[in-house]
Amino acid sequence: MITVHGIPNCDTVKKARSWLTEHGVEHRFHDFKKQGVPETELDRWLAAVGWETLVNRKGTTWRQLDETTRASVVDNASARNLLLAHSSAIKRPVVQWADGITVGFDAAVWQARL
């Protein structure tokens with residue numbers, strides 16, 4: 001089963017979930033706000049794609065962090081701490097497919113996975 005991780009009011013997550021439904025792809029949703037960030041999954045994501053991909057440095061949460069905090073995120077370990085404390089700083093959606101993960105929504109990439 002495909003798992004979509006994110007925040008329900010995020011526009012990109014909404015688009016991604018709608019796309020999966022429109023294409024008849026069964027999936028479940030993991031809400032960071034209600035269920036938290038799964039630490040073991042976060043470790044896998046960081047190992048698979050790296051902190052540079054997983055940290056949303058264009059989002060509001062990142063911009064609202066003080067400069068010292070932003071400057072301290074320099075590797076997987078420091079990103080892990082930040083992302084556990086600020087789930088909204090995770091680029092969304094993070095999708096767990098049968099054969100790996102994707103971060104963000106790209107219909108062409110997703111279509112190729114199906």
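State yes or no: is Val37 of a type in the set (Val, Ile, Thr), surrounded by 11 or more Cβ atoms within 10 Å (Cβ to Cβ), out of contact with any helix residue (DSSP H, G or I) (no Cβ under 7 Å at 6 or more places or on another chain) and in a loop (DSSP other than H, G, I, E, B)?
Against the criterion (of a type in the set (Val, Ile, Thr), surrounded by 11 or more Cβ atoms within 10 Å (Cβ to Cβ), out of contact with any helix residue (DSSP H, G or I) (no Cβ under 7 Å at 6 or more places or on another chain) and in a loop (DSSP other than H, G, I, E, B)), Val37 does not qualify.
Considering Val95, Val109, Val25, which residue is touching a residue at least 40 places away in the same chain (Cβ under 8 Å), under 16 Å from Ile2 (Cα atoms) and outside any loop (DSSP other than H, G, I, E, B)?
After ruling out the rest, the residue left standing is Val95.
In the stretch 40-72, which residue that is assigned to a helix (DSSP H, G or I) and among the polar types (S, T, N, Q) is farthest from Ala112 (Cα to Cα)?
The selected residue is Thr68.
We did not get these values from a lab; they are worked out from the coordinates using the rules stated. This is a predicted model, so every value here is computed, not measured. In this analysis, Cβ positions are derived from the backbone assuming ideal geometry, glycine residues included, and neighbour counts consider all displayed protein chains.
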